[in-house]
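Note sheet for the following structure.
Read-outs throughout are calculated quantities, based only on the coordinates presented, and are distinct from any laboratory measurement. Since the structure is predicted, the reported quantities are computational estimates derived from the model, not experimental observations. In this analysis, Cβ positions are derived from the backbone assuming ideal geometry, glycine residues included, and neighbour counts consider all displayed protein chains.
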Amino acid sequence: MQLVIAEKPSVAQSIAAVLGAKEKKDGYMEGGGYLVSWCVGHLIGLAQADAYVEQYKKWSYETLPILPHDWQYTVAADKGKQFKILKDLMHRADVTEVVNACDAGREGELIFRFVYEVAKCNKPMRLLWISSMEDDAIRQGFAALKDGKEYDPLFASALCRAKADWIIGINATRLFSCLYGKTLNVGRVQTPTLKMLADRDSAITGFKKEKYYHVRLDLSGVEAASRKLTAAEEAEALKAACESAQAVCVSVTREKKTAAPPKLFDLTSLQREANKIYGYTAKQTLDLAQALYEKRLLTYPRTDSQFLTDDMGDTAMNTAALLCGKLPFMEGADFTPEIARTLDSKKVSDHHAIIPTQQLAKTDLSALPESERNILTLAGVRLLFAAAEPHTYEAVTVVFSCADSEFTARGKDSAMRRVERP
């Protein structure tokens, strides 16, 4: 019998439904030759400093630095029951192997391995690596389970990150707190981030505005601007001169330009766009994307890839067709997506780009919470954008002479035709 361990109860329920594990037990589900349970996020973590030496309970300069030799682990205070359930399941006589179904990535690997090691499990370990919670994706993932040992380097990377956070956080926080007589939290990530924010705030606060003027000519709805003028008197004089002079077009320059379609979303670009349009924080966007992933409406969100794998052409084409039927602004549009430009296996690392799943076909978007609907719509629109034709246009620069001064107007071809020379 296989024991499948997911990261969260909702994911475990989706997996159990596909595997036929329908019998609900205390902390797990059983059936179809499977036991399916979950970790409830980070069940196990690195122990605090006072777990090593009693004197570390008191913060003092003399005890620094604290550098554990044999690292210790601790079970989260409110999750002891679930850990015991997992431990007992791992050691059941009829369990022949354990399947890591935590989120397929560095942190998911860490969550599972901590439980596996603290439970002292030595049964064969396999890994479910999927980017979608759709039923077909789960089935395909179980048909191609990976040897967990192949991902030892991924676990080593996650463990290194966790230990670095611990060493820097414990030592630097205690050091600065002792030196300055108050609690000052220092972290490997939070402190450099705070420094960047402080530097940016300082730059904004210290910025000195430089006042300048433009004289603008209104030419049949198109504006042409003079060079920057630092003196108000000079600008007023040029304005007065232009009012009694005639503007003459002296040159028109056309340049053909092409704007490539945007790439698909990785997590960072999705967070950036969601912040720009909806004002969501990075964490809010991640939480919303994770919720959609668990509802099987969005592919795995923690990705740094902006492409799909080469074998996903049909999936992306079908998803694009669903989107054209779901998004109101696509109604009646003559649109043939060029999916090929979104495919490149060489540019996909752990997970492919974020796109909606074909679960869209069964979903009433209006029934979703507005915030989730916004994120799902963003990901869908980006798929259509990424598969659209490049935008080709002419950039036009028109130079006028008036009162012995040059004025420049810039725009695209359609807006500039009215001011060209005969």
TODO: Please work out whether the range 115-205 counts as rounded, prolate or oblate from its C-alpha gyration tensor, where a ≥ b ≥ c are the square roots of the eigenvalues and a/c under 1.5 means rounded, while otherwise a/b larger than b/c means prolate and anything else oblate?
DONE: oblate
- [ ] Under 20 Å from a label point 7 Å along Cα→Cβ of K276: give me every residue in the range 339-357 with its amide N that close.
- [x] 342, 353-356
- [ ] Count the lysine pairs in the range 246-351 whose Cα atoms sit under 27 Å apart, keeping only pairs 8 or more residues apart in sequence or on different chains.
- [x] 15
- [ ] Could you please rank T205, T74, T183, T319, placing first whichever residue has the fewest other Cβ atoms within 10 Å of its Cβ?
- [x] T205, T183, T74, T319
Open item on the list: Among the listed pairs K81/K123; K8/K123; K81/K149; K57/K182; K22/K149, which have their C-alpha atoms separated by more than 24 angstrom in this model?
Closed with: K81/K149; K22/K149
TODO: Grab the DSSP H runs of the chain that are 4 residues or longer, score each as -39,500 (n - 2.57), total them, divide by all residues and round the 222 nm result to the nearest 500 deg cm²/dmol.
DONE: -12000 deg cm²/dmol
Task: Largest to smallest principal axis extent of the C-alpha atoms in the range 1-78, angstrom - done: 58, 21, 16
Open item on the list: With a 10 Å cut-off between alpha carbons and a GNM built on the chain, which of R126, R296, R373 moves the most?
Closed with: R373
- [ ] Using only Cα atoms, tell me the angle between helix 190-205 and the longest principal axis of the chain; keep it within 0 to 90° and round to the nearest 10.
- [x] 20 degrees
Open item on the list: Using only the alpha-carbon atoms, how far is helix 282-294 inclined from the longest principal axis of the chain? Give it as 0 to 90 degrees, nearest 10.
Closed with: 60 degrees
TODO: Take every Cα-Cα pair in the chain and report what % of them are more than 43 Å apart.
DONE: 36 percent
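Given 0.36 nm per residue, what is the gain on full extension from L67 to K347 after removing their alpha carbon distance, in nm? Mind showing how you got there, number by number?
On the way: separation 280, 0.36 × 280 = 100.80 nm, distance 3.85 nm.
Roughly 96.9 nm would be gained on extension.
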Open item on the list: To make sure I understand, if each residue's beta carbon is the centre and we count other beta carbons within 10 Å, what order do V53, V11 fall in, fewest to most?
Closed with: V53, V11
Task: Gap separating the Cα centres of the range 285-336 and the range 67-112, nearest whole Å - done: 33 Å
Task: Surrounding net charge for G80, when Lys and Arg each add one and Asp and Glu each subtract one, Cβ distance under 13 Å - done: +2
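Ranked by Cβ crowding within 10 angstrom, fewest neighbours first, how are F155, F176 ordered?
Working: F155 20, F176 15.
The order, fewest Cβ neighbours first, is F176, F155.
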